[in-house]
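The values are calculated or read from the model by the stated rules, or taken from the named source; none is laboratory data. Since we're looking at a predicted model, the values are computed, not measured. Every residue, glycine as well, gets a Cβ built from its backbone with ideal geometry; the counts of neighbours run over all protein chains shown.
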Amino acid sequence: MFEGISTQLLFGQLLLGLINGSFYAMLSMGLAIIFGLMNVVNFTHGAQYMLGAFVAWLLLNHLGLGYWYSLILAPIVVAGFGMVMERLLLRPLQNLDHLYGLLATYAVALIVEGLARYQYGSTGLPYENPISGGVNLGFMFLPYYRLWVVVFSIVTCIVTWLLIEHTKLGAYLRAANENPRIVETFGINVPKMMTLTYGFGVGLAALSGVLAAPIYQVSPSMGSSLMIVVFAVVVIGGMGSIMGAAVTGYMLGIIEGLTKVIYPEAASVVIFLFMIVALYLRPAGMFASKESV
Amino acid sequence: MNSLAEARPVAAQAMLKVKSLSAWYAESKVLHGMTFDVREGELLTLIGRNGAGKTTTLRSIMGIVRKRTGSINFSGQELIGKRTFEIARLGIGYCPEERAIFSSLSVRENLFLPPVLREGGLSDEALYATFPNLKARAGSQGTKLSGGEQQMLAIARILRTGSRLVLLDEPSEGLAPVVVKEIGEIIHGLKAQGFTIVLVEQNLRFARQVADRHVVVENGKVVDILTNEELSADMGRIKTYLGV
């Protein structure tokens with residue numbers, strides 16, 4: 001089957017798939033965390049990712065703060081915006097139907113993207129690659145920055161997973177995910193926890209945005225084009241399953257990359273075909289626990 | 001009517017005073033002016049038929065039912081208007097009817113989830129001594145425990161937080177007689193250790209074995225308050241309320 005396909009092309013696309021997968025994984029993990037605790041389908045996630053990249057660009061161009069500063073500062077700034085948004089917009093909608101949260105977050109996404117487009121136009125802004133160069137592996141050329149993105153994203157996903165599965169803080173989160181009322185009877189300020197969790201999920205999106213800035217153009221629509229796939233990833237992985245979201249993210253990135261080599265025409269639909277099959281076989285998602293089926 | 005109870009050594013001052021408590025679920029009024037108090041160190045039951053408002057009373061004390069009027073005074077602090085987590089931090093532990101063991105947490109994580117809010121709670125050793133089963137199964141998934149073990153876990157986890165008042169909602173429900181007996185002994189032990197306990201019960205036999213006083217609830221109102229002695233002396237009186 002792989003006859004006639006150069007290894008150069010195969011590995012090139014695999015790497016590309018892994019890069020895309022890194023973004024899918026980080027973004028869908030944030031979405032899954034937010035959905036799990038708050039039952040909010042955060043449609044602003046893509047815009048928050050875009051904001052991360054824009055904040056990095058602004059820090060560089062207006063304050064002279066480079067990539068490494070942005071990697072820390074941009075997620076904090078955007079998470080702050082997210083927490084204000086949670087308090088003012090999402091909390092009042094908390095006891096209403098899911099649909100209200102979905103529409104409200106979608107509205108914010110449109111507004112944020114619109115403002116970014118108004119101010120900076122729809123053509124992308126370039127962001128300089130902070131780690132230039134690469135290494136020739138013989139069968140392919142591996143740019144250092146891309147290697148950094150993959151490694152950083154894997155580490156971020158593992159750290160996030162450990163935080164949620166193996167710490168006391170994570171136990172609060174998992175418990176509140178199941179039954180927030182009872183967790184509150186233990187004296188835990190669940191509303192505050194929700195604000196911080198939303199901030200954390202949004203911060204992850206912004207962090208992905210900073211990572212993406214040197215690879216893709218910093219543009220107002222960079223988030224929305226990615227989000228359709230990311231939502232598919234979350235649905236396939238199982239809404240609220242954190243590890244499921246990350247693993248599915250990488251897997252789909254790679255599947256997408258391989259499809260580009262084997263049958264390029266199908267590359268843009270393969271994820272959705274996969275979603276149909278996966279949901280047919282496991283309606284609650286591949287990594288959903290039995291209880292939620 | 002309460003002369004007997006007032007003469008008891010346990011009859012110290014009231015720790016919890018509930019006065020004219022009314023509560024609503026959405027538009028429907030469930031409690032219609034409940035008045036009773038719980039004395040320090042006492043074990044008080046709320047008994048009554050299904051749907052009488054016993055669980056709602058506990059949920060109103062905890063602030064889980066938000067829409068409520070009247071007064072709930074705990075050690076001088078008014079609870080109405082406070083959020084659930086603020087109420088818990090004053091030193092009230094709550095064990096819900098559904099037990100609410102978390103399936104995504106291990107037994108150990110379930111047990112140690114509630115943070116220690118004040119001094120005076122059971123130490124980890126004392127806790128495991130009281131609930132040896134939980135130690136043996138500390139690594140299992142919380143919901144893999146038997147019903148009785150889950151009930152013990154639900155009680156155990158609120159004992160290390162330093163709460164002085166614990167609200168137990170039907171701990172005997174759905175359990176085999178031998179397990180009910182075990183839980184009765186545990187509750188007895190807690191009382192001996194100085195916990196003040198409000199117990200919602202439908203199981204009259206179980207209630208009689210552990211309680212100091214009984215508050216009879218009907219249609220969201222307190223219709224009678226009797227001491228355990230009065231209850232034993234006049235079982236007919238209570239059976240008319242419960243319709244048994």
Among the residues of the range A:141-164 satisfying the criterion of being of a type outside the set (A, V, I, L, M, F, W, C) and free of Cβ contacts under 8 Å to residues at least 40 places away in the same chain, which is farthest from A:Leu15 (Cα to Cα)? A:Tyr144
Would you please name the residue that is farthest from the other protein chains (Cβ to nearest Cβ), looking only at residues in the range A:177-189 that are buried (at least 23 other Cβ atoms within 10 Å of the Cβ) and part of a helix (DSSP H, G or I)? A:Val183
Can you tell which of A:Leu162, A:Leu169 is surrounded by fewer than 14 Cβ atoms within 10 Å (Cβ to Cβ), more than 14 Å from every other protein chain (Cβ to nearest Cβ) and part of a helix (DSSP H, G or I)? A:Leu162
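Output the number of residues of the range B:83-112 satisfying the condition of being touching a residue at least 40 places away in the same chain (Cβ under 8 Å), over 18 Å from B:Gly148 (Cα atoms) and surrounded by fewer than 21 Cβ atoms within 10 Å (Cβ to Cβ). Spell out the reasoning first.
So the first thing to find is which residues in the range B:83-112 are touching a residue at least 40 places away in the same chain (Cβ under 8 Å), and the list is B:88, B:91-97, B:99-103, B:107, B:110-112.
With the extra rule that they be over 18 Å from B:Gly148 (Cα atoms), the set shrinks to B:88, B:91-93, B:112.
Retained after the next criterion (residues that are surrounded by fewer than 21 Cβ atoms within 10 Å (Cβ to Cβ)): B:112.
Looking only at that region, the number is 1.
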Meets criteria (assigned to a helix (DSSP H, G or I), in contact with a Leu (Cβ under 6 Å, 6 or more places away or on another chain) and more than 10 Å from chain B (Cβ to nearest Cβ)) for A:Val155: no
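Output the number of residues of the range B:43-91 satisfying the condition of being touching a helix residue (DSSP H, G or I) at 6+ places or on another chain (Cβ under 8 Å), away from chain A (no Cβ under 14 Å) and assigned to a loop (DSSP other than H, G, I, E, B). Before the answer, list the steps.
Taking the range B:43-91 first, the residues touching a helix residue (DSSP H, G or I) at 6+ places or on another chain (Cβ under 8 Å) are B:43, B:45-49, B:61-65, B:68, B:72, B:74, B:79, B:83-85, B:87-88.
From what is left, the residues that are away from chain A (no Cβ under 14 Å) are B:43, B:45-49, B:68, B:72.
Filter once more, keeping what is assigned to a loop (DSSP other than H, G, I, E, B): B:48-49.
So the answer is 2.
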Filtered residue count, the range A:190-211, keeping only those that are polar (S, T, N, Q) and facing another protein chain (nearest Cβ under 10 Å): 0
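Filter the range A:190-220 down to the residues that are outside any helix (DSSP H, G or I) and either without any contact (Cβ under 8 Å) to a residue 60 or more places away in the chain or over 20 Å from A:Ser28 (Cβ atoms) (or both) and list them by number.
A:Pro214, A:Gln217, A:Val218, A:Ser219, A:Pro220
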Yes or no: the range B:226-238 includes at least one residue that is under 15 Å from the mean Cα position of the chain (by Cα), over 24 Å from B:Lys29 (Cα atoms) and in contact (Cβ under 8 Å) with a residue 60 or more places away in the chain. no
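Return the only residue of A:Leu9, A:Leu58 being within 16 Å of A:Ala212 (Cβ to Cβ) and part of a helix (DSSP H, G or I).
Unique residue meeting the criteria: A:Leu58.
Is at least one residue of the range A:131-143 among the aromatic types (Phe, Trp, Tyr) and surrounded by 17 or more Cβ atoms within 10 Å (Cβ to Cβ)? Write out each step before concluding.
Kept after step one, since they are among the aromatic types (Phe, Trp, Tyr), are these residues of the range A:131-143: A:139, A:141.
Filter once more, keeping what is surrounded by 17 or more Cβ atoms within 10 Å (Cβ to Cβ): none.
No, the conditions are met nowhere in the range A:131-143.
Taking the condition outside any helix (DSSP H, G or I) and aliphatic (A, V, I, L, M), does A:Ile255 pass?
Values: outside any helix (DSSP H, G or I): no; aliphatic (A, V, I, L, M): yes.
Judged against the criteria, A:Ile255 is not a match.
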Restricting attention to the range A:104-127, report how many residues are part of a loop (DSSP other than H, G, I, E, B), under 22 Å from the mean Cα position of the chain (by Cα) and surrounded by fewer than 16 Cβ atoms within 10 Å (Cβ to Cβ). 2
For the range B:102-175, list the helices (runs of 4 or more DSSP H) that sit wholly inside it and hold at least 2 residues that are away from chain A (no Cβ under 11 Å), out of contact with any Asp or Glu (no Cβ under 8 Å at 6 or more places or on another chain) and of a type in the set (A, V, I, L, M); which are they? B:124-130, B:147-156
Members of the range A:38-55 found to be of a type outside the set (Ser, Thr, Tyr) and in a helix (DSSP H, G or I), listed by number: A:Met38, A:His45, A:Gly46, A:Ala47, A:Gln48, A:Met50, A:Leu51, A:Gly52, A:Ala53, A:Phe54, A:Val55
Among the numbered conditions (1) modelled with pLDDT of 90 or more; (2) within 30 Å of A:Met243 (Cβ to Cβ); (3) out of contact with any helix residue (DSSP H, G or I) (no Cβ under 7 Å at 6 or more places or on another chain), tell me where B:Pro96 comes up short. (3)
Yes or no: the range A:221-238 includes at least one residue that is over 28 Å from A:Ala53 (Cα atoms), touching a residue at least 24 places away in the same chain (Cβ under 8 Å), in contact with a helix residue (DSSP H, G or I) (Cβ under 9 Å, 6 or more places away or on another chain) and within 14 Å of another protein chain (Cβ to nearest Cβ). no
